[in-house]
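The structure appears right after this line, and notes come after that.
Quick note: the coordinates plus some simple rules give every number you see, no bench work behind them. Keep in mind that what you see is a predicted model, and the values were worked out from it rather than measured. In this analysis, Cβ positions are derived from the backbone assuming ideal geometry, glycine residues included, and neighbour counts consider all displayed protein chains.
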Amino acid sequence: MKFIYNEKAFTLIEMMIVLLIISVLILIAIPNVTKHSKSIDEKGCDAYMKMVQGQVEAYKMDKKLIPSSIGELVEEEYLPKNAQCPDGTQLSIDNGTVNKVGS
């Protein structure tokens, strides 16, 4: 058998140091992400409301009518089924303006 000497490779200590550094970075990053999840949901809902408002305007231009509900936009395929904010907040249409239900 032929033995190979002086082969270059990572040692167990080097691999453990790398894993320790990665673990510390993850422990720092995860709390920051979870802390901001509420503001992310609110911004996502605001962006979705603006998109729905754009679909209301498109409906008005196409049909020359103001839609009476989100369901009407879903039936006419301006919005997908179960149209709601990413955080689950329901939307309504009042006089052509999109609002959160209960607001």
- Cα axis of helix 12-35 to longest principal axis of the chain: angle in degrees, 0 to 90, nearest 10? 20
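Note down the magnitude of the dipole of the chain about its Cα centre, charges +1 on Lys and Arg C-beta and -1 on Asp and Glu C-beta and zero elsewhere, to the nearest 20 debye. Intermediate values should be presented prior to the final figure.
Numbers: 11 positive and 13 negative charges, 74 e Å.
Its charge dipole is roughly 360 debye.
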- May I ask you to list the trypsin sites (Lys or Arg not before Pro) in segment 24-103 that are in a DSSP loop and have at most 12 other Cβ atoms within 10 Å of their Cβ? Lys64, Lys81
- Query: Helix 37-63 versus the longest principal axis of the chain: what is the Cα-based angle in degrees, 0 to 90, to the nearest 10?
  - Reply: 40
- Task: Could you point to the residue in Val74, Pro86, Asn32 farthest towards the positive end of the chain's charge dipole, with +1 and -1 charges on the Cβ of Lys/Arg and Asp/Glu respectively?
- Result: Asn32
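Which is the longest run of the chain containing none of the GluC sites (Glu not before Pro) found in DSSP loop states (not H, G, I, E, B) with at most 12 other C-beta atoms within 10 Å? Working shown, then result.
Details: sites that count: Glu7, Glu77.
Here the longest run is 8-76.
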- Have a look at Thr34, Thr11, Thr89 and tell me which one the Gaussian network model of the chain (Cα, springs below 10 Å) gives the largest fluctuation. Thr11
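Test of understanding: what is the full-extension gain from Glu57 to Asp87, defined as 0.36 nm times their sequence separation minus their Cα-Cα distance? Could you put the intermediate results ahead of the total?
Details: separation 30, 0.36 × 30 = 10.80 nm, distance 2.39 nm.
Between Glu57 and Asp87, full extension yields an extra 8.4 nm.
Can you list the chymotrypsin sites (Phe, Trp or Tyr not before Pro) in segment 7-103 that are in a DSSP coil and have 13 or fewer other beta carbons within 10 angstrom? Intermediate values should be presented prior to the final figure.
Numbers: sites: Phe10, Tyr48, Tyr59, Tyr78; in loops: Phe10, Tyr78.
Sites meeting the loop and neighbour criteria: Phe10.
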- Tell me, what ³J(HN,Hα) does each residue in segment 64-69 have, in order and in whole Hz, if you take phi through Karplus 6.51 cos²θ - 1.76 cosθ + 1.60 with θ = phi - 60° and put x for Gly and Pro? 6, 9, 8, x, 8, 7
- Structure-derived Rg and Dmax of the Cα atoms in Å: which label, when the choices are (1) 17.1, 56; (2) 13.3, 40; (3) 26.5, 87: (3)
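Only helical DSSP H runs with n ≥ 4 go in: add -39500 (n - 2.57) per run for the chain, normalise by residue count and round the 222 nm mean residue ellipticity to 500 deg cm²/dmol. Intermediate values should be presented prior to the final figure.
Details: 3 runs with 57 residues, N = 103.
The per-residue figure over the chain is -19000 deg cm²/dmol.
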